[in-house]
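Colleague: Take a look at this one; I'll ask things after.
The values are calculated or read from the model by the stated rules, or taken from the named source; none is laboratory data. These figures come from a predicted structure and were not determined experimentally. A quick note on method: Cβ atoms are made from the backbone with ideal geometry, for glycine too, and the neighbour counts reach across all protein chains shown.
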Amino acid sequence: MKPRLLLKGLVLIASFAAVGYAVTESGLGAMLDKAWIDNEVRGKGLTGEVLFMAIATLAAAIGVPRQMVSFLAGYAFGLWLGTGLALLASTLGCVVAFGYARLLGRGLVEARFASRIRRIDGFLAGNPFTMTLLIRFLPIGSNVVTNLVAGVTSVRPLPFFAGSAAGYVPQTLIFALLGAGIELNPQAATAVSAALFVVSALLGVHLFRRFRNGRALDPDIEAALDDETAAR
C-alpha cells in the first residue's frame, strides 16, 4: 500500500483533532453553547440521541464522511454510546442510499456510474457479506458511491448491509475515540486514533488481498493499493 494513503487518513485525524482542540482551548468553547450539537444534542437525553440519529443518518446517506459522523458522535455522547450511535447512523445511511438506488434512482445511478456497476456486481457475487466486509475495511473509496452502485446490482440487501455494518466498526471506533477525547486528553486521543488507523488500514489491505479470491474491484483502487501480488 502506498504511504500517501495512510498519510491522507492521518491528516484527516489531525484536522479533526485540531478543530476540536482549538474550539476547546482558544476561548471559542463558549460559542459552542449556541452551536447545534451542544444546544440541541448534548445533555438532551433520548431527544438529543434521536435528533442526532436523524441528522447523522441523512448526512451519511448523502455522502458526508462517516468519519465526521463518528467524530461528532464521540464528542456528543462519549466513546461507547457515540460509537454505537455512529455505527447505527452509518448503517442506516447505507440502507437509505442503497434503497434509493434500487427503488427510485436506478436510471440516474446507471448513467452516472455505468463503468463501476458490472465490476462491483462481479466482486460481490457469490459471497456478498465477506466481499462487502473487505470493501469496507479498505482505507480508501467512496462510501456513498459504493452504496448507490450496489443498489443497482444483483446483490442481496441483507448480506450487503450486514457486511457494511461489520466493516464500519474499526474506523467508527477510531474517530469516535478521537471525538470523545478532545475535551479530556486531545493529545492522547489523537495519538491513539492515529495508531489505530494505521493498524486498521494495513489490516484491511492485507485481508482484501488475501481473501478476494482473484476478483478485481476497481482499477483505481487496485493502483492505489499498489497490489504487487496481482502484478506477479
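Colleague: Identify, from the list Gly122, Gly126, Gly74, Gly84, the residue that is closer than 19 Å to Asn147 by Cα and part of a helix (DSSP H, G or I).
Modeller: Numbers: Gly126 fails: part of a helix (DSSP H, G or I); Gly74 fails: closer than 19 Å to Asn147 by Cα; Gly84 fails: closer than 19 Å to Asn147 by Cα.
Only one candidate qualifies: Gly122.
Colleague: Turning to a different aspect of this structure: Quick test of your reading of the structure: Leu103 fulfils all but one of (1) surrounded by fewer than 19 Cβ atoms within 10 Å (Cβ to Cβ); (2) closer than 26 Å to Met68 by Cα; (3) of a type outside the set (Gly, Ala, Ser). Name the failing condition by number.
Modeller: (2) is the only condition that Leu103 fails.
Colleague: While we're on this one: Can you tell me how many residues in the stretch 37-71 are at pLDDT below 90, of a type in the set (D, E, K, R) and part of a helix (DSSP H, G or I)?
Modeller: Qualifying residue count for the region: 3.
Colleague: Sticking with this structure for a sec: Being of a type outside the set (Gly, Ala, Ser), under 27 Å from Val198 (Cβ atoms), within 15 Å of the chain's Cα centre (by Cα) and assigned to a helix (DSSP H, G or I): is that true of Leu134 here?
Modeller: Numbers: of a type outside the set (Gly, Ala, Ser): yes; under 27 Å from Val198 (Cβ atoms): yes; within 15 Å of the chain's Cα centre (by Cα): yes; assigned to a helix (DSSP H, G or I): yes.
The answer is yes for Leu134.
Colleague: Would you check which residues across the stretch 104-132 are touching a residue at least 40 places away in the same chain (Cβ under 8 Å), touching a Gly at 6+ places or on another chain (Cβ under 9 Å) and not hydroxyl-bearing (Ser, Thr, Tyr) and list them? Quick ask: steps written out before the conclusion?
Modeller: Here is the first cut: in the stretch 104-132, the residues touching a residue at least 40 places away in the same chain (Cβ under 8 Å) are 105-106, 109-110, 116, 119-120, 122-123, 130-131.
Now drop any that are not touching a Gly at 6+ places or on another chain (Cβ under 9 Å), which leaves 105-106, 109, 130-131.
Correct list: Gly105, Arg106, Val109, Met131.
Colleague: Do we have any residue at all in the stretch 170-189 that's touching an Asp or Glu at 6+ places or on another chain (Cβ under 7 Å), at pLDDT below 90 and surrounded by 15 or more Cβ atoms within 10 Å (Cβ to Cβ)? Lay out the reasoning, then the answer.
Modeller: Taking the stretch 170-189 as the starting set, the residues that turn out to be touching an Asp or Glu at 6+ places or on another chain (Cβ under 7 Å) are none.
Within the stretch 170-189 (the criterion being touching an Asp or Glu at 6+ places or on another chain (Cβ under 7 Å), at pLDDT below 90 and surrounded by 15 or more Cβ atoms within 10 Å (Cβ to Cβ)), the answer is no, since none of the residues qualifies.
Colleague: Considering the stretch 140-166 alone, what residues qualify as being in a helix (DSSP H, G or I), of a type in the set (Ser, Thr, Tyr) and either touching a residue at least 40 places away in the same chain (Cβ under 8 Å) or touching a strand residue (DSSP E or B) at 6+ places or on another chain (Cβ under 6 Å) (or both)? Walk me through how you get there before you give the answer.
Modeller: Step one: list which residues in the stretch 140-166 are in a helix (DSSP H, G or I), which gives 143-151, 157-166.
Now drop any that are not of a type in the set (Ser, Thr, Tyr), which leaves 146, 164.
Of everything in the stretch 140-166, just one residue is in a helix (DSSP H, G or I), of a type in the set (Ser, Thr, Tyr) and either touching a residue at least 40 places away in the same chain (Cβ under 8 Å) or touching a strand residue (DSSP E or B) at 6+ places or on another chain (Cβ under 6 Å) (or both), namely Ser164.
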